[in-house]
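Participant: Below is a structure I'd like to ask you about.
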Amino acid sequence: MADQQVAARYAKSLLDLAQEQGTLAKLKQDMDLLASTMAGSRDLRLLLRNPIVKHDKKLSILTAIFGGKVSEMLMRFFQILTSKNREDALEHIGSEFLRQYNALMGVQVAEVTSASPLTPATRAEIEKMVKLQTGLPDVSLTEKVDASLIGGFVLRVGDRQIDDSVKGNLRRLRTSLTDNTYTPSLN
C-alpha cells in the first residue's frame, strides 16, 4: 500500500511538471516504455527492490536500459529516485502515471475478452456501452481472445466486470441448480 502511495505522488509530480513544461505527450511515450519494460522484466523489478545493490549501480543499469530512448526529464527523475532510495517505486510509477494521465485526458481504459476476435461493429458497440456507463468521452479498449468462453464476452471497466459469456452463464446456471431451494408441498 505504501508503494502505491509513493508511486501516486511521484507520478502526479511528473504529470504536473510535464504539463507545466508542455512535454506531456513525450513523457507519456516514455512512461509507456517504462511500464511495459517493468511489466516484462521480472529481473529488473527484483534488482530495483534488492537492498544489497548500490544505488549508483541501479542508476547505471537504468541509464543503460533507457539512455537515448527516453527524455532527459525522465533520466533526471531516475537520478532523483536513486538518490532518495526509492528505486523500488519505479515498478508502480509507470502504471500509476498512465492511470493518472488517462484520468486527466478523459480516457476510460477497458478490457474485453471474447471467444473470437471482435468485429468492428461489435467493438464500436462495446465502446459506446463503456462511454455511456462512465460518461467519459474516450475509450481505450484492449481486446483478448479466450476460446474457453465458448461465446459472448467479459468486459472489465475499472473495478467492475460484466460477464456475458456462455461459460459464465453456464456457471451461474449450475450454481442456481445446485442451490437446493425446492420445498415440496404437502397436499
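Participant: What is the angle, in °, between the Cα long axis of helix 72-83 and the longest principal axis of the Cα atoms in the chain? Nearest 10 is fine, range 0 to 90.
Facilitator: With rounding to tens, the tilt is 90 degrees.
Participant: Enter the angle in degrees (range 0 to 90, nearest 10) between the Cα long axis of helix 120-134 and the first principal axis of the Cα atoms of the chain, meaning the one along which they spread out most.
Facilitator: That works out to roughly 80 degrees.
Participant: Can you give the Rg to Rh ratio of the range 100-187, both from alpha-carbon atoms, with Rh computed by the Kirkwood formula?
Facilitator: My calculation puts Rg/Rh at 1.18.
Participant: Here's a follow-up. Report, to the nearest whole %, how much of the accessible area of the range 1-136 belongs to carbon and sulfur atoms, 1.4 Å probe, protein only.
Facilitator: With neighbouring chains kept in place, the figure for the range 1-136 is 54 percent.
Participant: In Å and whole numbers, how far do the C-alpha atoms of the chain stretch along each principal axis, longest first?
Facilitator: Answer, in whole Å and largest first: 83, 39, 28 Å.
Participant: Here's another thing I want to ask about it. Quick one: dipole size for the chain, taken about the Cα centre, charges +1 on Lys/Arg Cβ and -1 on Asp/Glu Cβ, in debye to the nearest 20.
Facilitator: Computed charge dipole of the chain: roughly 320 debye.
Participant: Could you please report the charge total around Ile126, scoring K, R as +1 and D, E as -1 over all other residues with beta-carbon less than 12 angstrom from its beta-carbon?
Facilitator: With Lys, Arg at +1 and Asp, Glu at -1, the neighbours total -1.
Participant: At a Förster distance of 41 Å, what's the computed FRET efficiency of Thr142 paired with Asn85, Cβ-Cβ distance as r, to 0.05?
Facilitator: Efficiency for this residue pair is about 0.75.
Participant: Could you give the dipole magnitude of the range 1-98 about its Cα centre, charging the beta-carbon of Lys and Arg +1 and that of Asp and Glu -1, in debye to the nearest 20?
Facilitator: Computed charge dipole of the range 1-98: roughly 220 debye.
Participant: Quick one: order Met105, Met73 from most to least accessible surface, probe 1.4 Å.
Facilitator: If we order Met105, Met73 from most to least accessible, we get Met105, Met73.
Participant: Another question, then. How large is the accessible surface of Glu125 in square angstrom, using a 1.4 angstrom probe and rounding to the nearest 10?
Facilitator: 110 Å²
Participant: How much net charge surrounds Asp88 when only other residues with a Cβ under 15 Å from its Cβ are counted (Lys, Arg +1; Asp, Glu -1)?
Facilitator: It works out to a net charge of +4.
Participant: What's the angle, to the nearest 10 degrees (0 to 90), between helix 24-40's Cα axis and the longest principal axis of the chain?
Facilitator: Tilt relative to the chain: about 70 degrees.
The values are calculated or read from the model by the stated rules, or taken from the named source; none is laboratory data. What you are looking at is a predicted structure, and each value in this text was computed from that prediction instead of being measured. No Cβ is skipped: glycine too gets one built from the backbone with ideal geometry, and neighbour counts run over all protein chains shown. The area values use the complete protein model at the heavy-atom level, side chains included, leaving out ligands, DNA and RNA. Shrake-Rupley method; radii C 1.70, N 1.55, O 1.52, S 1.80 Å.
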